[in-house]
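Structure record follows, encoded as structure tokens.
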Amino acid sequence: MDRREVAAVLAYVGRLDPRTIRPGTGEARDQIAQWQELLDDVPFATDHGWDVREAIRSHVLDSPYPILPVDVARRWRPHRRDRLERHTDPIPAADPDDPAAWRAELLRSRNAVAAGIASPTTHRQIASGGRPRDVEGRLREIGSCIPPAVRAELARYRPNRAAREAAVAGGIPDALRVRCNWCQAPVGSPCRQRRASPDGAARGNAIRATPHPSRIDLAAARTDRHRAA
């Protein structure tokens, strides 16, 4: 900001907080010089979300202390940093074989964004992408998000899942879709091989390779009821 803009800012501050008003001409001149020294690189307002009056108003509402020029500068710096973090350097139009011109154009672009003259340039893949595809429709079309070749490779690393998928493909109900009444295994979890000791306490908790027969029967019964309905 130049001295005229700083004077306008101080007049605005004085209307909101009379404690900042300097009655003497010399004091007012010194105050303008101090504010201009600290706010030399802070714009009065930009077209992209910054207005020094908003920063002043927020300080007056939030703080019981009179506003200082450093308070304005401290609000401008995170705003400037946020703009630069959201900026992606566009490809310069300068000749790539001329490093000086290439670098100068990049610096002009960044300085314009930092000063609020230009808006940040985001990634084209994020900002300019077309309409996203219907994920559910795509899954219905291909049947699964895992390609068949990949699923076949994964089968040896997850045999229980492969056995479930093979059973469903063969028309056998998926027993893990219901809770096991024998070992109390919840839905989606494999059955457990529980053994009882002579005193009646449970012993062993190994995972069974196949579900309990009662669980298979329960899954089949529920499947029949759904088909009948």
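Looking across region 31-67, the residues that are part of a helix (DSSP H, G or I), of a type in the set (Gly, Ala, Ser) and surrounded by fewer than 16 Cβ atoms within 10 Å (Cβ to Cβ) come down to Ala33, Ser58. Return the residues of region 78-105 that are not in a loop (DSSP other than H, G, I, E, B) and not aliphatic (A, V, I, L, M); say none if nothing qualifies. Result: Pro78, His79, Arg80, Arg81, Asp82, Arg83, Glu85, Pro99, Trp102, Arg103, Glu105. Every residue in region 7-23 that is among the basic types (Lys, Arg) and assigned to a helix (DSSP H, G or I), please. Residues satisfying the conditions are Arg15, Arg19. Could you list, in sequence order, the residues of region 21-55 that are more than 14 Å from His79 (Cβ to Cβ) and of a type in the set (Val, Ile, Thr)? Passing the criteria: Ile21, Thr25, Ile32. For Ala28, are the conditions met, namely being loosely packed, with under 14 Cβ neighbours inside 10 Å, among the small types (Gly, Ala, Ser) and part of a helix (DSSP H, G or I)? For Ala28, the condition - loosely packed, with under 14 Cβ neighbours inside 10 Å, among the small types (Gly, Ala, Ser) and part of a helix (DSSP H, G or I) - is not met.
Taken over region 189-227, the criterion of being of a type in the set (Gly, Ala, Ser), modelled with pLDDT under 85 and either assigned by TED's automatic domain parsing to the domain that holds Arg158 or within 19 Å of Pro159 (Cβ to Cβ) (or both) is satisfied by Ala206, Ala209.
The values are calculated or read from the model by the stated rules, or taken from the named source; none is laboratory data. Owing to the predicted nature of the structure, the values given are computational and were not obtained by experimental measurement. Don't worry about glycine lacking a Cβ; one is built from the backbone with ideal geometry, like all the others, and counts go over all protein chains shown.
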